[in-house]
Structures are given as C-alpha cells and as structure tokens.
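J.: Following this message is one structure expressed as structure tokens.
Derivation of every value follows stated rules applied to the coordinates shown; laboratory data play no part. For clarity, every value in this text was computed on a predicted model and none was experimentally measured. Cβ: placed from backbone, ideal geometry, glycine included. Neighbour counts: every protein chain shown.
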Amino acid sequence: MRAAVMYSAGDVRVVDVPDATLVEPTDAVVRVTRACICGSDLWPYRDMAPDAAGQSMGHEAIGVVEAVGREVSRVRVGDTVIMPFAYSDGRCDFCHEGLQTACIHGGFFGWGGFNGAQAEALRIPFADGTLYPFNRSTDSSHWASLLSLSDVMGTGHHAARSARVRAGHSVAVIGDGAVGLCGVIAAKRLGAEQIILLGRHPDRVALGRDFGATDVVGERGDEAVENIRALTRGQGVHSVLECVGSDASLANAVAIARPGGAIGRVGVPHYEGIPAGPTFFKNLVVAGGPAPVRAYIDELLPDVLEGRIQPGRVFDRTIGLEETPDGYRAMDTREAIKVMIRTTAS
C-alpha cells in the first residue's frame with residue numbers, strides 16, 4: 001500500500017509500505033477515506049534529523065473498517081469511523097475519566113515509529129476504545145467537519161475547556177491556524193462575549209471573524225499585548241487559548257491573561273518552561289495538553305451534524321495521497337490553512 005513517510009526535515013515521500021494487518025486480537029484495520037496534514041506535522045518537517053527508516057506520518061482520519069480482531073466487539077467491519085489522533089484502550093482509569101491521551105496502554109498515531117494515517121490504510125490498536133463509529137449514510141458535505149473531530153476541533157475545544165471559557169467572558173486566541181480557528185468556534189459555542197483572535201493572515205482572519213471573533217490583533221509581542229489591554233480596559237482577558245507552542249506565544253499568553261485568569265495550552269510545546277513569577281503573582285491557571293478528543297466527540301458531533309458549527313471550513317485545499325509532499329509545502333509556506341488528503345475516489 002502507499003503511505004507518506006518523512007525521512008528528514010523537508011523530505012516527505014509517498015512510498016510503498018507493507019499492507020496494514022491485524023497484529024493483536026483487539027486491533028482493527030481501517031481503509032482511510034480522508035486524512036489530513038496537521039500544524040504539528042510541520043515541526044518535524046522543519047527540524048527532523050535524517051532517519052533512513054523514516055516516520056509514517058499523519059494522525060487524523062475517517063475511514064471504513066475492513067477487518068477486526070477476534071476480541072473486538074463494538075466496532076464492526078463496514079463501519080465508517082472517526083479515528084482520534086491517539087489510540088486508547090477505553091478501559092483504564094484515565095479513559096474512564098475522559099483523559100484518553102493518558103491511557104496507560106495508549107499512544108499516538110504517526111509518531112515514535114507507529115503507523116500514520118496519511119496512507120491508504122492503517123492498523124488501529126484497541127479498536128473498541130479508539131474508534132468512533134458514525135452513520136455511514138451521513139451526507140458527504142459533513143465529512144470535512146467529521147474529520148476535524150479527530151483532532152483540530154476537539155483540540156480547540158480542549159483549549160477552551162482548559163482555559164475555563166464561560167458565558168460572558170473575554171477570550172484571546174493565540175494562533176490563526178486550524179486549531180486556533182477551531183478555538184474561536186469553541187469559545188463562541190461556550191458563550192464567550194469577546195473573542196480576540198491574534199492573527200495576521202487575511203484569509204485566516206476572515207474565517208476567524210465568520211467563526212465568531214469579535215476583534216483581531218495583527219501585531220505581535222509588546223504591541224499585541226498593549227492592544228489587547230486596550231480592548232479589555234487594561235485588565236487582560238479571562239481566558240487565553242494558546243494554540244502555537246512557542247516561547248513567544250506562551251509569553252504573550254501570560255502577559256495578556258488578567259489576574260485570576262486561565263490559559264489553555266494545546267500547541268505542542270517548543271519551549272523549556274512556564275514563566276514562574278508572572279503566573280504566580282497573577283494567580284493564573286495554566287492547563288491543557290494533548291486533547292482527549294475521543295471524549296469530546298459525543299458532545300460536538302450533534303452540532304456538526306445539525307450545522308451549528310462548521311469546523312470543516314478550516315480545510316482550504318484538498319489533494320490526493322500522491323500529492324502529500326506538495327501539501328506539506330503549502331502549509332509550511334502558509335499557502336494553505338489545512339490540507340485534506342483524499343485517499344480514495346469516493
């Protein structure tokens with residue numbers, strides 16, 4: 001079968017790899033119908049050291065179950081499923097608490113040598129705990145938004161929950177990529193009164209306004225901080241959704257949060273630590289991490305199917321699997337917000 005493999009920074013190729021097969025009795029094999037490229041995939045795309053074996057890429061997908069192991073009971077052959085970016089057994093204490101990304105038997109697709117979703121098919125460990133079946137007769141116009149539930153919409157929602165977004169509150173969203181834009185949706189959905197998007201790319205800003213951003217700050221650093229303070233009577237915001245993961249974005253998050261506020265950080269961290277003094281003296285809550293998107297699908301799916309939210313609009317380019325290297329380049333140069341990979345003709 002064909003799959004996208006990254007061999008070093010900037011070197012993604014679509015190559016022949018062994019077919020996905022059942023290994024454990026709790027496995028399933030899913031034929032991928034839609035996958036995508038994530039902003040977090042761009043970190044290794046920019047700095048991965050050469051690796052002759054390469055890493056199979058991708059951690060977001062919807063698809064159809066082609067085979068199941070003998071201990072799989074909830075998922076059936078022929079089911080159309082959402083595949084969250086982390087696999088989880090669904091049975092451990094953390095899974096029962098809705099924190100599947102901390103599953104004691106879990107892990108992440110497309111990372112650490114495990115198979116990725118930018119492929120024709122992939123093996124799913126703990127299929128009953130990982131996969132989310134939905135009605136396969138669902139109109140195809142919903143597929144992009146359903147795909148977003150495998151990561152970016154659930155992650156934006158996790159940022160909002162971690163930042164304690166409430167009705168009537170003020171919120172700042174740092175990052176105008178797909179996760180940040182979904183964070184705007186999440187903040188609006190939870191009733192935030194003022195939503196400030198920190199973004200500077202016209203197409204992304206326009207989409208953010210459509211999703212519910214009331215204000216946009218295009219500056220960075222100290223100037224951005226001053227502008228946000230001006231928009232909030234000098235107090236800062238109740239909630240900050242940090243959707244980038246850099247030193248600068250975290251510093252900005254701490255600076256613009258009002259005393260007693262909360263930061264929901266979901267950008268994969270490329271920083272060493274959290275500023276101790278400012279977070280202490282401002283009584284800030286700093287929460288977040290890898291989003292347990294499996295836990296959020298029940299809550300978000302009805303809004304997607306009934307058209308109340310349309311997170312699939314973050315996909316602004318669709319390509320075939322063989323074009324995946326071009327998709328990486330388009331996202332890396334910000335020619336695309338988020339690229340969907342159509343792995344089948346259907």
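J.: What order do you get for LYS338, LYS282, LYS188 when you list them from fewest to most C-beta neighbours inside 10 Å? Numbers along the way, then the final one.
T.: Working: LYS338 29, LYS282 16, LYS188 19.
Starting with the residue having the fewest Cβ neighbours, the order is LYS282, LYS188, LYS338.
J.: Sort SER170, SER73 so the one with the fewest other Cβ atoms within 10 Å of its own Cβ comes first. Don't skip to the end; give the middle numbers.
T.: Working: SER170 26, SER73 10.
Going from least to most buried by this count: SER73, SER170.
J.: Give me the distance between the Cα centres of the range 1-67 and the range 300-345, rounded to whole Å.
T.: Going from one Cα centre to the other spans 16 Å.
J.: Counting only other residues whose beta carbon sits under 13 Å from that of ALA230, what net charge do I get with K and R as +1, D and E as -1?
T.: Numbers: positive: ARG229, ARG233; negative: ASP215, GLU219, ASP222, GLU223, GLU226.
For residues surrounding ALA230, the net value is -3.
J.: Further question: What do you get for GluC sites (Glu not before Pro) in the range 283-324 restricted to DSSP loop and a cutoff of at most 15 other Cβ within 10 Å of the site's Cβ? Spell out each step's value before the answer.
T.: Working: sites: GLU299, GLU306, GLU322, GLU323; in loops: GLU306.
Answer by residue number: GLU306.
J.: Give me a comma-separated list of calculated 3J(HN,Hα) values for the range 45-53, in order, Karplus coefficients 6.51, -1.76, 1.60 applied at θ = phi - 60°, integers in Hz, x for any Gly or Pro.
T.: Once θ is set to phi - 60°, the couplings for the range 45-53 become 4, 9, 9, 5, 6, x, 9, 4, 6 Hz.
J.: Same structure, new question: Enumerate the amide H contacts of GLY289 below 5 Å, restricted to partners 5 or more residues apart or on another chain; note that Pro and chain-start residues carry no placed amide H.
T.: Distant-sequence amide H within range of GLY289: ARG265.
J.: Report, in deg cm²/dmol and to the nearest 500, the calculated mean residue ellipticity at 222 nm for the chain, where each DSSP H run with n ≥ 4 adds -39500 (n - 2.57) and the sum is divided by the residue count.
T.: Values: 12 runs with 102 residues, N = 346.
Roughly -8000 deg cm²/dmol at 222 nm, from the helical runs in the chain.
J.: Another question about this same structure. GLU219 label point, 7 Å along Cα→Cβ, cut-off 18 Å on backbone N: hits in the range 229-248?
T.: Only 229-237, 248 fall inside the zone, counting backbone N under 18 Å.
J.: For ASP332 and ASP203, FRET efficiency with R0 = 22 Å and r from the beta-carbon atoms, rounded to 0.05? Could the numbers behind the result be given before it?
T.: Details: r = 16 Å, r/R0 = 0.73.
Here the calculated transfer efficiency is 0.85.
J.: Long-range amide H contacts for VAL216: which residues qualify at under 5 Å (H placed 1.01 Å from N, peptide plane, sequence gap of 5 or more or a different chain)?
T.: LEU197
J.: Between SER88 and residues 5 or more places away or on another chain, which pairs have amide H atoms under 5 Å apart, with H built 1.01 Å from N, and which residues are they?
T.: Sorted by chain and number, the residues that satisfy this are THR130.
J.: Tell me, what HN-Hα J-couplings in whole Hz come from the Karplus equation 6.51 cos²θ - 1.76 cosθ + 1.60 at θ = phi - 60° for each residue of the range 156-163, using x for Gly and Pro?
T.: Result, rounded to whole Hz: x, 5, 4, 4, 5, 5, 5, 8.
J.: Sort ILE82, ILE297, ILE256 so that the residue with the fewest other Cβ atoms within 10 Å of its own Cβ comes first and the one with the most comes last.
T.: Details: ILE82 24, ILE297 18, ILE256 27.
Lowest count first: ILE297, ILE82, ILE256.
J.: May I pose another question? Relative to the compact globular guide of 2.2 N^0.38 Å, what is the alpha carbon radius of gyration of the chain, as a ratio? The partial results should precede the final answer.
T.: Values: Rg = 19.6 Å, N = 346, 2.2 N^0.38 = 20.3 Å.
The chain yields a ratio of 0.97.
J.: Expressed as a rounded percentage, what relative contact order does the chain have, with Cα pairs under 8 Å and six or more residues apart? All intermediate terms of the calculation are to be shown ahead of the outcome.
T.: Numbers: 871 pairs, mean separation 65.0, N = 346.
Answer for the chain is 19 percent.
J.: Got a sec to turn the phi values of the range 303-308 into Karplus ³J(HN,Hα) couplings, 6.51 cos²θ - 1.76 cosθ + 1.60 with θ = phi - 60°, whole Hz, x for Gly and Pro?
T.: 5, 5, 5, 9, x, 6
J.: Now for a separate question. In nanometres, what is the gap between the two model label sites at GLU66 and HIS270, each 7 Å from Cα along Cα-to-Cβ?
T.: Label at GLU66, label at HIS270, 3.5 nm between them.
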